[in-house]
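K.L.:
After the structure tokens below, expect a handful of questions from me.
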Amino acid sequence: MEQIHSRSQRRSWQQRLLWPFAPVRIDYLLFLILMLGKILYLHSNLHLQNIDMNALDVITAIGSILLASFWTLWLPRRGRIIGLIIADVLLSVLLFADLVYFRYFQDFITIPVLMQAGQVESLGGSIRELIHTNDILLFADVLLLLIVGIVLIIRRITRGKRITASSNRWNGSDVSSSRSRRVVTRLLQGVGVLVLGCLLTFGPIKYATSTWAIGLFVGNWWNMSLYNVTGVLGFHGYDVYRYAEDHFGSGSQLSAAQTNEVKDWFAAKQDTRSQKGDDDLFGAYKGSNVIAIQGEAFMNFVVGKSFNGQEITPNINRLMKDSIYFSQYYHQTGQGRTSDADMASNASLHPLPTGSVFTRYADHEYDTLPNILNKQGYDSYVFHAYEPSFWNRSVMYQNMGYTKFFSKNDYTIDEPLGWSLGDKSFFRQSVEKMSEVQQPFYSFLITLSSHHPFTLPASVQELDMGDLSGTTFGDYIQSLHYVDAALGEMEQDLKDKGLWDKTILLFYGDHDDSLKDKAPMEEFLGKELSDLDMEQLMNQVPMLIHLPDGAHAGTYDTPAGQLDMTPSILHLLGVDASPYYLMGNDMFNKKEDKLVVLRTGAFTDGKVFYIPSADGVFEHGTAYDLKTRQTTNLERARSGFEEAQKRLNISDEVITHDLIREFHSEKSGGTSNSSK
Ligand code: GP9
Ligand code: MN
């Protein structure tokens with residue numbers, strides 16, 4: 001009795017002392033601190049230019065942690081601790097997944113990406129390379145907790161009875177008397193933290209979007225710009241909201257003014273396009289077969305280069321002598337990587353700021369190269385020796401109008417390499433299939449052997465990469481050398497099958513190699529690289545066009561990009577592209593402008609190159625003069641910036657609101673199907 005009395009005295013003494021901090025839960029505070037630390041760790045690993053973690057960002061981060069965890073305060077002590085542990089584990093996994101995904105895609109994982117079954121897992125070996133040892137910090141507390149938990153369980157087992165007895169004495173009758181008071185306190189605390197979380201999260205976001213980040217949620221073209229304002233947890237919250245709005249929302253109608261802006265833009269484009277003038281290239285190769293090869297991660301900087309006296313791309317270099325080579329050709333991809341390059345090249349629309357058109361809007365209508373050529377009496381085929389469901393291809397290719405999709409299931413895997421079949425065998429078997437079909441045909445081939453992490457077996461690696469041997473960059477160069485050799489073999493195959501001089505052959509790269517490290521690039525190229533050099537190198541892919549008679553060969557330095565492929569092929573084939581909704585420029589039509597817009601908002605017109613800042617504010621970006629290669633007056637880039645933004649927005653609206661279906665239907669006199 002005396003013992004109980006002294007304990008209750010001690011408790012009231014403690015309660016008096018801690019009274020000012022009564023609402024504070026130490027475990028909850030600890031959770032807050034740990035989560036904030038993890039968010040800071042993630043941020044410091046992103047190395048994003050112009051995106052810092054200032055005081056306001058820390059406030060937003062705290063706010064979003066409160067929003068993600070306030071509910072735990074409604075639970076009784078033990079439940080709260082379990083709830084906090086669950087929240088900790090889930091949020092840590094999310095941050096870790098974001099970090100790994102970011103290192104490859106320079107983006108966070110979004111719902112559309114998760115909906116792409118198998119997309120993330122299929123990176124396989126790449127994922128292991130993208131995990132750094134320090135990342136264990138994200139789970140250090142969970143591991144510690146696990147150890148402490150095990151120790152406690154062991155202690156409990158050995159001292160179980162004694163503890164139970166004493167705690168029973170301890171709890172006594174005052175438990176029931178204060179229970180209802182504790183429930184009310186918990187409820188109020190939870191609500192208080194929820195309100196505080198809302199204030200801390202939405203306050204700074206509201207401030208940003210009404211000052212320097214106006215329109216952020218309207219025309220965002222890069223998820224990192226969103227992250228800059230919302231923080232990582234806020235970004236995911238918005239992503240969930242955006243997905244729900246995309247698919248279940250009703251309020252995403254375009255206004256008449258917005259639809260008219262899209263119509264007017266296309267009307268002007270189509271008007272220029274219909275003026276062919278005295279262009280002798282228009283229709284010069286009417287009726288030819290077309291083979292377009294999209295090379296995985298094939299960047300431009302290797303073309304024509306040697307390392308340690310060895311040519312990296314001897315076959316492309318030889319082919320260039322009787323081909324048109326666009327030396328300033330840009331990939332325009334976003335998060336959808338290979339599928340974006342495919343969409344940009346075959347449908348002449350920009351990829352979306354988030355996810356892939358292939359997975360998000362495979363049921364919408366597009367003017368695609370296969371669809372257009374089919375109307376000209378062509379049959380169209382697409383070849384890719386991988387799982388047909390990857391990037392939702394089997395669905396999308398049907399919509400794009402291909403007669404047949406030859407996937408992994410249609411190939412004999414007689415040269416297993418990397419993710420699937422080696423490109424040499426892939427080309428050989430594809431040409432075999434092409435030689436059996438009716439002509440003229442359009443064939444679109446997607447290679448795979450040079451996919452990240454580029455580790456081909458030693459027997460296939462032919463180059464001596466010196467210092468770069470065994471590095472990911474060295475492996476990358478080896479893999480491009482292999483693809484080049486495969487291309488050389490394909491050329492011979494096409495000649496043997498009598499197709500070479502009846503075919504327009506195009507070869508281009510889909511996107512960069514995801515290796516942002518400047519040092520090996522400098523070593524490879526033997527020179528220092530400026531920011532502008534790096535930006536161009538990372539975004540340029542080769543575009544080689546071999547005409548059936550090898551005419552018009554030479555290096556063309558007009559800027560161009562993947563969106564330009566379809567209108568340019570139509571030009572060579574003499575197909576009037578003006579009725580179609582193609583946003584790219586016809587590379588052979590001198591009357592069309594040459595503005596090339598990248599998904600990040602970077603653009604070039606051949607004179608100026610504008611690199612946007614991560615926050616998307618025009619004034620924070622940098623303009624370069626391409627002649628002097630030095631920074632230049634930003635004002636020279638203003639109109640280009642506005643047009644670039646306009647084009648990205650128009651493309652997004654066309655895709656997400658299925659506008660091409662609406663425009664076609666209006667033209668054919670049908671009833672317009674209103675925007676979704
Ligand atoms: C696999 C391949 C993936 O089908 O297209 O390429 P990625 O999009 O990861 O570059
Ligand atoms: Mn790719």
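The values are calculated or read from the model by the stated rules, or taken from the named source; none is laboratory data. Just so it is clear, the structure is predicted and the values come from calculations on it, not from any experiment. Every residue, glycine as well, gets a Cβ built from its backbone with ideal geometry; the counts of neighbours run over all protein chains shown. Surface areas here come from the heavy atoms of the whole protein model, side chains and all, with no ligands, DNA or RNA. Shrake-Rupley method; radii C 1.70, N 1.55, O 1.52, S 1.80 Å.
K.L.:
Under a straight-distance cross-link criterion of Cα-Cα below 12 Å, which aspartates and glutamates are reachable from K591, leaving out those fewer than 8 residues away in the same chain?
P.N.:
In chain and number order, the partners are D271, D278, D279.
K.L.:
Compare the Cα positions of A553, V195, V395 along the charge dipole of the chain (+1 at Cβ of Lys, Arg; -1 at Cβ of Asp, Glu; about the Cα centre) and return the one farthest towards the positive end.
P.N.:
V195
K.L.:
Can I get the semi-axes of the chain's equivalent ellipsoid? Compute them from the C-alpha gyration tensor as square roots of 5 times the eigenvalues, in angstrom, largest first.
P.N.:
Working: eigenvalues 599, 166, 111 Å².
Sorted largest first and rounded, they come to 55, 29, 24 Å.
K.L.:
Sticking with this structure for a sec: Using unit Cβ charges (K, R positive; D, E negative) and no other charged atoms, how large, in debye to the nearest 20, is the dipole of the chain about its Cα centre?
P.N.:
About 4640 debye.
K.L.:
Here's a follow-up. Report the one residue of A208, L90, L46 whose Cα lies farthest in the direction of the positive end of the charge dipole of the chain (charges on C-beta: Lys and Arg +1, Asp and Glu -1; origin at the Cα centre).
P.N.:
It is L90, whose Cα lies furthest towards the positive end.
K.L.:
Taking the Cα-to-Cβ direction at Q630 and at A268 and moving 7 Å from each Cα, how far apart do the two end points lie in nm?
P.N.:
In this crude spin-label approximation the distance works out to 3.3 nm.
K.L.:
Quote the FRET efficiency, to the nearest 0.05, computed for L144 versus I413 with a Förster distance R0 of 41 Å and r equal to the Cβ-Cβ distance.
P.N.:
Once rounded, the FRET efficiency stands at 0.35.
K.L.:
Follow-up question, since we're still on this one. What is the spin-label model distance, in nm, from F217 to R156 if the labels are put 7 Å beyond Cα along the C-beta direction?
P.N.:
If labels sit at F217 and R156, their model points lie 4.3 nm apart.
K.L.:
Further, regarding this structure: Among 240-247, 603-610, how do they line up from the highest to the lowest mean number of other beta-carbon atoms within 10 Å?
P.N.:
Ranked from most to least packed, the peptides come out as 603-610, 240-247.
K.L.:
Something else now. So, with +1 on the Cβ of K and R and -1 on the Cβ of D and E, and no other charges, what is the size of the charge dipole of the range 284-585 about its Cα centre, to the nearest 20 debye?
P.N.:
On the way: 19 positive and 40 negative charges, 157 e Å.
That gives a dipole near 760 debye.
K.L.:
Below 8 Å between Cα atoms, with a sequence gap of 6+, how large is the relative contact order for the chain in percent? If you can, show how the numbers build up before the last one.
P.N.:
On the way: 1068 pairs, mean separation 120.2, N = 676.
That works out to 18 percent.
K.L.:
Another question about this same structure. Can you give the extra length, in nm with one decimal, that the chain gains between K206 and Y41 once fully stretched, where that is 0.36 nm per residue apart less the Cα-Cα distance? Write down the numbers at each step before the final one.
P.N.:
Numbers: separation 165, 0.36 × 165 = 59.40 nm, distance 2.53 nm.
Taking 0.36 nm per residue and subtracting the Cα distance, the gain is 56.9 nm.
K.L.:
While we're here: For A244 and V195, FRET efficiency with R0 = 30 Å and r from the beta-carbon atoms, rounded to 0.05? Please list the in-between numbers first.
P.N.:
Details: r = 24 Å, r/R0 = 0.79.
That pair, V195 with A244, gives E of 0.80.
K.L.:
Q275 to L75: extension gain in nm, 0.36 nm per residue of separation minus the Cα-Cα distance?
P.N.:
Once the chain is fully extended between Q275 and L75, it gains 64.9 nm.
K.L.:
Turning to a different aspect of this structure: Sticking with the crude label model, points 7 Å out along Cα→Cβ, report the distance from T558 to S255 in nm, one decimal please.
P.N.:
Label-label distance for T558 and S255, simple model: 3.7 nm.
K.L.:
Counting heavy atoms of the protein chains only and a 1.4 Å probe, report the per residue accessible area for the chain as a whole number of Å².
P.N.:
Ligands and nucleic acids excluded, the figure is 44 Å² per residue.
K.L.:
Something else about it: With point charges of +1 on the Cβ of Lys and Arg and -1 on the Cβ of Asp and Glu, referenced to the Cα centre of the range 271-396, which listed residue (Y386, F358, N300) lies farthest in the positive direction of the dipole?
P.N.:
In the range 271-396, that residue is N300.
K.L.:
Peptides 506-517, 630-641, 341-352: what's the order by average Cβ count within 10 Å, highest mean first?
P.N.:
The packing order, highest mean first, is 341-352, 506-517, 630-641.
K.L.:
Another question about this same structure. Taking 35 Å as R0, compute the FRET efficiency from the Cβ-Cβ separation of V184 and T133 and round it to 0.05. Please list the in-between numbers first.
P.N.:
Details: r = 47 Å, r/R0 = 1.35.
Efficiency computed from Cβ-Cβ geometry: 0.15.
K.L.:
Let me ask something else. Leaving out ligands, DNA and RNA, what percent of the accessible area of the chain is carbon and sulfur, probe 1.4 Å? Working shown, then result.
P.N.:
On the way: 17170 of 29740 Å².
Answer for the chain: carbon and sulfur cover 58 percent of the accessible area.
K.L.:
Helix 337-347: angle to the longest alpha-carbon principal axis of the chain, degrees 0 to 90, nearest 10?
P.N.:
The answer is roughly 40 degrees.
K.L.:
Also, I was wondering about something else. For M534 and K404, calculate 0.36 nm times their separation in residues minus their Cα-Cα distance, and state this gained length in nm to one decimal.
P.N.:
42.9 nm
K.L.:
Ordering W391, W71 from largest to smallest accessible area (1.4 angstrom probe), what's the sequence?
P.N.:
The most accessible residue leads, giving W71, W391.
K.L.:
Ranked by accessible surface with a 1.4 Å probe, highest first, in what order do K590, K305 come? Don't skip to the end; give the middle numbers.
P.N.:
On the way: K590 180, K305 80 Å².
Correct descending sequence by accessible area is K590, K305.
K.L.:
Roughly how big is the range 616-661's charge dipole about its Cα centre, with Cβ charges of +1 (Lys, Arg) and -1 (Asp, Glu), in debye to the nearest 20?
P.N.:
Approximately 240 debye in magnitude.
K.L.:
Please give the direction-averaged projected area of the C-alpha convex hull for the range 284-585, in square nanometres with one decimal. Show your work: numbers first, answer last.
P.N.:
On the way: hull surface 58.2 nm².
For the range 284-585, the mean projected area of the Cα convex hull comes to 14.5 nm².
K.L.:
Pairwise over distinct Cα atoms, reciprocal of the mean inverse distance: report the Kirkwood radius of the range 243-401 in Å, one decimal place.
P.N.:
19.2 Å
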